[in-house]
1. Sort through Gln218, Gln240, Gln207 and tell me the only one that's open to solvent by 60 Å² or more (accessible area, probe 1.4 Å), in a helix (DSSP H, G or I) and closer than 30 Å to Ala141 by Cβ.
2. Would you confirm whether or not the range 94-115 contains a residue that is open to solvent by 50 Å² or more (accessible area, probe 1.4 Å) and either modelled with pLDDT of 85 or more or not in a helix (DSSP H, G or I) (or both)?
3. Conditions first: (1) open to solvent by 80 Å² or more (accessible area, probe 1.4 Å); (2) touching a Leu at 6+ places or on another chain (Cβ under 8 Å). Leu200 passes all but one, so which condition is the exception?
4. Could you check the range 45-79 and list, in sequence order, the residues that are under 17 Å from Asp32 (Cα atoms) and in a loop (DSSP other than H, G, I, E, B)?
5. Just give me the residues in the range 1-24 being surrounded by 12 or more Cβ atoms within 10 Å (Cβ to Cβ) and modelled with pLDDT of 75 or more, in sequence order.
6. Restricting to the range 145-163, name every residue that is surrounded by 12 or more Cβ atoms within 10 Å (Cβ to Cβ) and not hydroxyl-bearing (Ser, Thr, Tyr).
Amino acid sequence: MKRNKRMMVEKSMNGDLEGAMDKAAQKGRGTDDTVGHLTKGEVIIPAQIMSDPKNKQMIADLFKNSGGNLDEFTVGHEKNKINPETGQPEFVWWVPLVAAAATVYAVSESRKSASEARDQAKRAQAESMEQARLARETAAAEAQKSRDTAIEAARLSREQSAAESQKNRDLQSAGLEQQKIDAANRLRQTQLTADEQKKLMENLTTQQTQAAEAAKVQLAEQQKQYQEQKTSMEKAAATQAAELEAERRKIAQRESSQMTARRRSGRRSLLSDTRLTPETGLTDAGMSEQMTTALRGY
């Protein structure tokens, strides 16, 4: 009889407790409509965040890798555990110690892989920078070689032009000298009169003047050709310098793109570095960083 009475009292208390819990659930603000048993330090993920398929899949994978089931920790799911004393859902982490040890091992391996990936990325970056440096040095050497070749060609052209001009002047001088000799011989042979000699000398002076003018015109033409060659070579050197600068910019842009891709690849590997805890599977900082990365999409 006493036992029956105690059971009735307990049943009445449980009924009152369940009623109180239901009333408490009705007092929830916003979209809150459930009362449950929670553990200090646990992080509640709002339904708005879980509505994103990427976020839900990422968190489900975390539970799976830790030996748990996301459905058991989803409020209102049929797989929720129920507290026998209050009849309310409870969210106790009952993952076996073996699974926890496996998770720690997986995290360690993941960190090791991430470290090796970072080292490999650093080596690849160093090799890329060395290749870019060698490419720049090669391009600079080729450009300098081209400039030296152009300068040498211009020098040889100037020397050739000067030699040709000197040769022409020597021939003209020799021709004039021969003309003078021939004129003198003719004067002596024919014993021309003074007037005839004067006229002959005037003609000879005119010829010499004309020859000198012709030589001057030829020299001016040669100088003009040299100036044109010099201008053309300067333009070619400027074009080569512009092409070298364009190539240097392309190399710099390619290096910048590779570094950006590596930084993004480094961000994607941050998830594997997150420390898991026996209660939740994530630290507050790690969860925040992973959630931020998932929301950004990279």
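1. Values: Gln218 fails: closer than 30 Å to Ala141 by Cβ; Gln207 fails: closer than 30 Å to Ala141 by Cβ.
Answer to the check: Gln240.
2. There is at least one residue in the range 94-115 that is open to solvent by 50 Å² or more (accessible area, probe 1.4 Å) and either modelled with pLDDT of 85 or more or not in a helix (DSSP H, G or I) (or both).
3. Going through the list (1) open to solvent by 80 Å² or more (accessible area, probe 1.4 Å); (2) touching a Leu at 6+ places or on another chain (Cβ under 8 Å), Leu200 breaks only (1).
4. Let us first name the residues in the range 45-79 that are under 17 Å from Asp32 (Cα atoms), namely 45-51, 73-77.
Result: Ile45, Pro46, Ser51, Thr74, Val75, Gly76, His77.
5. Here is the first cut: in the range 1-24, the residues surrounded by 12 or more Cβ atoms within 10 Å (Cβ to Cβ) are 14, 17-18, 20-22, 24.
The answer is Ala20, Met21, Asp22, Ala24.
6. Kept after step one, since they are surrounded by 12 or more Cβ atoms within 10 Å (Cβ to Cβ), are these residues of the range 145-163: 146-147, 150-151, 153-154, 157-158, 161-162.
Matches in the range 145-163: Arg147, Ala150, Ile151, Ala153, Ala154, Arg158, Ala162.
Residues are listed down the side, and each one gets a yes or a no for (1) at pLDDT 80 or above; (2) within 26 Å of Glu109 (Cα to Cα); (3) surrounded by 14 or more Cβ atoms within 10 Å (Cβ to Cβ):
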position: Lys40; (1), (2), (3): yes, no, no
position: Gln48; (1), (2), (3): yes, no, no
position: Lys54; (1), (2), (3): yes, yes, no
position: Gln57; (1), (2), (3): yes, yes, no
position: Lys81; (1), (2), (3): yes, no, yes
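The values are calculated or read from the model by the stated rules, or taken from the named source; none is laboratory data. All values derive from a computational prediction rather than experimental measurement. Cβ sites come from the backbone with ideal geometry, for glycine too, and all protein chains shown count toward neighbours. Surface accessibility is based on the protein's heavy atoms, side chains included, excluding ligands, DNA and RNA. Shrake-Rupley method; radii C 1.70, N 1.55, O 1.52, S 1.80 Å.
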